[in-house]
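Undergrad: Handing you a structure now.
The values are calculated or read from the model by the stated rules, or taken from the named source; none is laboratory data. Computed from a predicted model, the values in this text were never measured in an experiment. All Cβ positions, glycine included, derive from the backbone under ideal geometry; neighbour counts span all protein chains shown. Protein only, heavy atoms only, side chains kept; ligands, DNA and RNA dropped before computing areas. Shrake-Rupley method; radii C 1.70, N 1.55, O 1.52, S 1.80 Å.
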Amino acid sequence: MPDPSITAFVEQLKPLPTELQWAPKSKREHFSLDLPRRVYLFWDKGFVNAPAIVKFCTESWHRLNPGWDVILLDQDGANAILPRRSLPRPMSVTHYADMLRIAILQKQGGVWADATALCVRPLDHWLPQIFNQCEFFAFHKPNTDHLISNWFLAASAESVIAHEMRAIAAAYWDWGPFRQGQPPYFWFHQLFGH
């Protein structure tokens, strides 16, 4: 069941503003379905002193994807992409990572994987086939109240879905009635489902 704050936020958006509606196919044809060969991992305190599980997972991305750039972001590197001070209010590292992942995918495209996600199969063995058909990928229905998982996301550069999700996520964090409390942990998953 979605958190009541998600439902209330989505209700006040209806009907969606024009810039948040799906673009007709004719306007989307300029978007490339090419997936940039970059994998982004984020550990706010840096990877040198990260826990062993993070180092093990990071190595799995390097080892199984030699033709891909694996980009390791600490807080300083992440701030170059999405400065924390630019966000509407202080947020936890987890919530910041949710905003960072969609900002990276919307601006640059590529793959986002959580730093604790273990790569068990080379991306080249399965992901290119998906991007022959679409511009955005997320694992579907991890449980009954989440439409997607966000521990692994992939998007072509300038993906319409990533663009719209970023706009809606920013509006959610700037939403007046919400400013006093913390969002639910799975806010991103639930918002995407609406």
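Undergrad: For segment 47-94, what are the per-bin percents of Cα-Cα distances with bins 5 Å wide, up to the bin holding the maximum?
TA: 5, 17, 20, 20, 17, 13, 7, 2
Undergrad: I'd like the carbon and sulfur percentage of the solvent accessible area for segment 36-132, probe radius 1.4 Å, heavy atoms only, ligands and nucleic acids excluded.
TA: That share works out to 57 percent.
Undergrad: Grab the other residues whose beta carbon is less than 13 angstrom from that of Leu100, score K and R as +1, D and E as -1, and report the net.
TA: -1
Undergrad: Compute the accessible area per residue over segment 48-117, keeping the other protein chains in place, probe 1.4 Å, unit Å².
TA: Accessible area per residue: 45 Å².
Undergrad: Using amide H atoms built 1.01 Å from N in the peptide plane, name the residues 5+ places from Val70, or on other chains, whose amide H lies under 5 Å from its own.
TA: Those lying under 5 Å, H to H, from Val70 are Val39.
Undergrad: Could you please put Arg166, Arg85 in sequence from largest to smallest accessible area, using a 1.4 Å probe?
TA: Sorted descending by solvent-accessible area, the residues read Arg85, Arg166.
Undergrad: Let me ask something else. Within 13 Å, Cβ to Cβ, of Gly109, how many net charges do the neighbouring residues add up to if Lys/Arg are +1 and Asp/Glu are -1?
TA: Spelling it out: positives minus negatives among the neighbours equals +1.
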